[in-house]
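Down below is the structure, laid out as C-alpha cells.
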Amino acid sequence: VQLQACGGGLVQAGGSLRLSCAASGSIFSFNAMYWYRQAPGKQRELVARITDGGATHYADSVKGRFTISRDNAKNTMYLQMNSLKPEDTAVYYCNAFILQGSVNYWGQGTQVTVSS
C-alpha cells in the first residue's frame, strides 16, 4: 500500500487548508492513521490520530483548530486545518499503522507554509 499526501500550500495566518492522504489500497485494515509534521530544525511531531473506530487524538497545539477524519469508502484520510498560525509551518506526513505485524506505512510529505 502506498500513501499519497497532498493539499499543502502557502496560506496567510488565519486561513485554512485541507490535507488529503490517499491510499493505493483499502484503508479498512489500518488500525490507526496519523498526521505528523516536521518543521525545519525540529523533530517530527504527532499532529493528530484517528483509529479504525473513529476515535481521535490531537496535539495540544492544534486542538480546536484541526480536524482529522477518514473515509474508508474513498481510502482517504483528511486533515482540515483552520485558523492557521505561522508556527504550523512544516512538512506534513501521513502514516498508517496495522497492529498485526506492527506494519507502518508513510506517505511523502506535503509542505504547509503559513505567512504572518
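The values are calculated or read from the model by the stated rules, or taken from the named source; none is laboratory data. Predicted model only: the values in this text are computed from it and were never measured. Here the Cβ is made from the backbone with ideal geometry for all residues, glycine too, and neighbour counts use every protein chain on show. Ligands, DNA and RNA are stripped out before the accessible areas are found, and what is left, the full protein with its side chains, is counted by its heavy atoms. Shrake-Rupley method; radii C 1.70, N 1.55, O 1.52, S 1.80 Å.
For the structure I just gave you, tell me whether residue 7 is under 19 Å from residue 113 (Cα atoms) and surrounded by 13 or more Cβ atoms within 10 Å (Cβ to Cβ). Criteria met by residue 7. Here residue 27 meets each of (1) outside any strand (DSSP E or B); (2) in contact with a Ser or Thr (Cβ under 7 Å, 6 or more places away or on another chain); (3) aliphatic (A, V, I, L, M) with one exception, condition (2). Somewhere in the stretch 65-80, is a residue surrounded by fewer than 14 Cβ atoms within 10 Å (Cβ to Cβ), part of a loop (DSSP other than H, G, I, E, B) and not charged (D, E, K, R)? No, because not a single residue in the stretch 65-80 is surrounded by fewer than 14 Cβ atoms within 10 Å (Cβ to Cβ), part of a loop (DSSP other than H, G, I, E, B) and not charged (D, E, K, R). Exactly one residue out of 38, 43 is polar (S, T, N, Q) and closer than 20 Å to residue 9 by Cα, and it is 38. With the structure loaded, tell me whether residue 19 is in contact (Cβ under 8 Å) with a residue 40 or more places away in the chain, within 13 Å of residue 5 (Cβ to Cβ) and in contact with a Gly (Cβ under 7 Å, 6 or more places away or on another chain) or whether it fails that test. For residue 19, the condition - in contact (Cβ under 8 Å) with a residue 40 or more places away in the chain, within 13 Å of residue 5 (Cβ to Cβ) and in contact with a Gly (Cβ under 7 Å, 6 or more places away or on another chain) - is met.
Residue 26 meets each of the listed conditions (1) touching a residue at least 24 places away in the same chain (Cβ under 8 Å); (2) open to solvent by less than 40 Å² (accessible area, probe 1.4 Å) apart from (2). Screening residue 94 with (1) under 14 Å from residue 1 (Cβ atoms); (2) open to solvent by 20 Å² or more (accessible area, probe 1.4 Å); (3) touching a residue at least 40 places away in the same chain (Cβ under 8 Å) gives one miss only, at (2). Among residues of the stretch 98-116 that are in a loop (DSSP other than H, G, I, E, B), those with a Cβ under 7 angstrom from a residue that is crowded, with 19+ Cβ neighbours inside 10 Å, sequence gap 6+ or separate chain, pair up as 108/5; 109/5; 109/92; 109/93.
Consider the stretch 30-40 and keep the residues that are in a loop (DSSP other than H, G, I, E, B) and of a type outside the set (A, V, I, L, M, F, W, C). The one that is modelled with the highest pLDDT is 31. Taking the condition more than 15 Å from the chain's Cα centre (by Cα) and among the β-branched types (Val, Ile, Thr), does residue 11 pass? It is true that residue 11 is more than 15 Å from the chain's Cα centre (by Cα) and among the β-branched types (Val, Ile, Thr).
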